[in-house]
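Each reported figure results from applying straightforward, stated rules to the coordinates on display, with no laboratory input. As the structure is a prediction and not an experimental result, all values here were calculated from the model. For neighbour counting, all protein chains shown are included, and Cβ atoms are generated from backbone atoms with ideal geometry for every residue, glycine included.
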Amino acid sequence: MYIIMVASECAPVSKVGGLADVIYGLSRELEVRGNEVEIILPKYDCMRYDHIFGLELAYQDLWVPWGANAIHCSVWFGFVNGRKCFFIDPHSDENFFNRDNYYGYPDDAIRFAFFSKATLEFMLKINKRPDIIHCHDWQTGLVPVLLFEMYKPQGMHHPRVCYTVHNFRYQGITGTNILSLTHLNQLDYYQHNDRLQDNVHFTALNFMKGGIVYSNFVTTVSPKHAWEAQHTEQGQGLGETLHIHKDKFGGILNGLDYEVWNPEIDPLIPHHYTIETLDNKYGNKKALRDRLLLREEYKPLIAYVGRLDVQKGVHLIQNALFYSLQNGAQFVLLGSSPEESINKEFLRIKQELNDNEDCHLEIGFNEELAHLIYAGADMIIMPSMYEPCGLAQMIALRYGTVPIVRAVGGLIDTIFDRDHSSKAITAHNGYVFQEADHIALNSAMSRAIGLWYGYPNEFRKLVIQGMQYNYSWQQSGQHYFNIYELIRNK
């Protein structure tokens, strides 16, 4: 099967979050299964060009109709860790992708509307006719709209579209000027509840809604989050649209790249280990303590790795930090926030605890340190307000680090409480709490810390049961392939 991924990110060349890891991991899994996979991305000036092999000009004169004129583009080709990638490079005064950052500009909707149209124009001109176009998040929500309304009449009859929503919080809500820029034009037709009209702001258009309405199948990144998006406020206003299209909507759990996240071979940790050599893990705990100047003492080490924002339960992360220190545990944090006020608050706490040898806060991100934390910590917390899938808990399981998570989204689909899960006791792999408050979090942390101190053999058994889980792309890749087969034959 011939599949083209269209996305705004792909690890490691252009990465902001988990979306990038999905594009790379799923593409590789599909290739391993014998499919032909290509990825189309914007050519950002801030990409990691050192991760692109053999970058060369693939198509020199791509003219993309845009507004009253057309914008000249070049299309580049290169391999990103073996993945075949094309990069759209527009030459215009707007400098759509020469901005020093991937996102965060007032004209982001225009930038990615152009990318969507340029992608299809490139496929049309070079005669690419994939079986499946797989689009991701709001940035590519216009691809299925443009394909059906504009490019299908020009001969692109064959491709079917799978559209994956990674985060319903960001939907690409924008003004109607996009219609004239893309040449979709008919305001009354597109600004309609059955098409692109936003469900809350009736004078606005919604890229993500367009992706849902026009795609052949829509997925989100875990089964539980698919239910949440339809039936709770986590659909962020799109619940009604998802209900209308429920027959083509489902959740597929993201996979984890087990070549990158593997304590047996991880080049970023000093001591490799498996279930059979689990004691080697604790060499990483010592290395982590040495690196962060933490005291060497008989205590569990609890960690948080990730963004510091409202979605991740930032108030509960603070609570977990102080609860750990007050209850015989050490605490390590690695992360930063898109909001300056949150960064300042954690820098204040860092200063306050500067002399505490049981605590270290690293405000920022460091890939090597992240790997060492996963390998060296005993437990990891994820007190998310919502979590479409989550990768940190899967990484933690892989590294023998017990997750303590809130019962939302993909966390429910992957973590099963040691004391309360209805699964077989041999399938339990962490701790789960329900309410988004310190009482519930403290209760789960108390159970985990209590097991570590009081029943070390039982804690070790929990660690091993977590390491036995397989959340690689193998199973998820099969689910996506089944969807591709379903829509290809319709």
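Remark: for residue pairs K224/K246; K15/K43; K43/K84; K248/K490; K15/K246; K84/K248, the C-alpha separation exceeds 19 Å in K15/K246; K84/K248. Calculated FRET efficiency, A287 to K490, Cβ-Cβ distance, R0 = 51 Å: about 0.45 to the nearest 0.05. If the chain linking N177 and E94 were pulled fully straight, counting 0.36 nm for each residue of separation and taking away their Cα-Cα distance, it would gain 28.3 nm. Kindly express, to the nearest 10 degrees and within the range 0 to 90, the angle between helix 108-126's C-alpha long axis and the longest C-alpha principal axis of the chain. For helix 108-126, the angle is close to 60 degrees. Each part gets one Cα centre, and for the stretch 100-117 versus the stretch 1-72 those centres are 15 Å apart.
Which shape class, rounded, prolate or oblate, goes with the stretch 138-177 when its Cα gyration tensor gives a ≥ b ≥ c as root eigenvalues, a/c under 1.5 marks rounded, and past that a/b bigger than b/c marks prolate? Kindly include the intermediate steps, with their values, before the conclusion.
On the way: a/c = 5.37, a/b = 1.59, b/c = 3.38.
Cα axes put the stretch 138-177 in the oblate bin.
Name all residues of the stretch 29-61 having a backbone nitrogen under 15 Å from the label point set 7 Å from the Cα of N262 along its Cα→Cβ direction, giving them as ranges. Answer for this model: 29, 32. Each of I381, I133, I349, I3 was scored by other Cβ atoms within 10 Å of its Cβ. Arranged with the fewest first, they read I349, I3, I133, I381.
Any chance you could check the Cα centroid distance between the stretch 458-490 and the stretch 261-310 for me, in angstrom? Distance between centres, Cα-based: 25 Å.
Here the label points at V16 and E297, each 7 Å from Cα along the C-beta direction, are separated by 4.2 nm in the simple model.
Remark: T241, T401 ranked as T241, T401, counting other beta-carbon atoms within 10 Å and listing the fewest first. Per-residue packing, averaged as other Cβ atoms within 10 Å, sorts the ranges 86-96, 262-272 into the order 86-96, 262-272, beginning with the highest. Ranked for footprinting exposure by Cβ neighbours inside 10 Å, fewest first, K117, K299, K423, K286 give K423, K286, K299, K117. Taking square-rooted eigenvalues a ≥ b ≥ c of the alpha carbon gyration tensor, is the stretch 278-470 rounded, prolate or oblate, where a/c under 1.5 means rounded and, failing that, a/b exceeding b/c means prolate? Taking the square roots of the gyration eigenvalues as a ≥ b ≥ c, the stretch 278-470 is oblate. Kindly express, to the nearest 10 degrees and within the range 0 to 90, the angle between helix 367-376's C-alpha long axis and the longest C-alpha principal axis of the chain. The answer is roughly 40 degrees.
Please sort 119-130, 242-253, 218-229 by packing, taking for each peptide the average over its residues of neighbouring beta carbons within 10 angstrom, highest first.
Numbers: 119-130: 18.4, 242-253: 16.8, 218-229: 23.8.
Averaged packing, sorted descending, gives the order 218-229, 119-130, 242-253.
Each part gets one Cα centre, and for the stretch 180-225 versus the stretch 390-437 those centres are 34 Å apart. Close Lys pairs in the stretch 278-470, defined as Cα atoms under 23 Å apart and 8 or more places apart or on different chains, number 13.
For helix 438-454, what angle does its Cα long axis make with the longest principal axis of the chain, in degrees from 0 to 90 and rounded to 10? Roughly 50 degrees, rounded to the nearest 10. Rounded if a/c is under 1.5, else prolate if a/b beats b/c, else oblate: with a ≥ b ≥ c from the C-alpha gyration tensor eigenvalues square-rooted, which is the chain? Prolate, because a/c is 1.5 or more and a/b exceeds b/c. Here the gap between H315 and L347, fully extended at 0.36 nm per residue and compared with their Cα-Cα distance, gives a gain of 10.1 nm.
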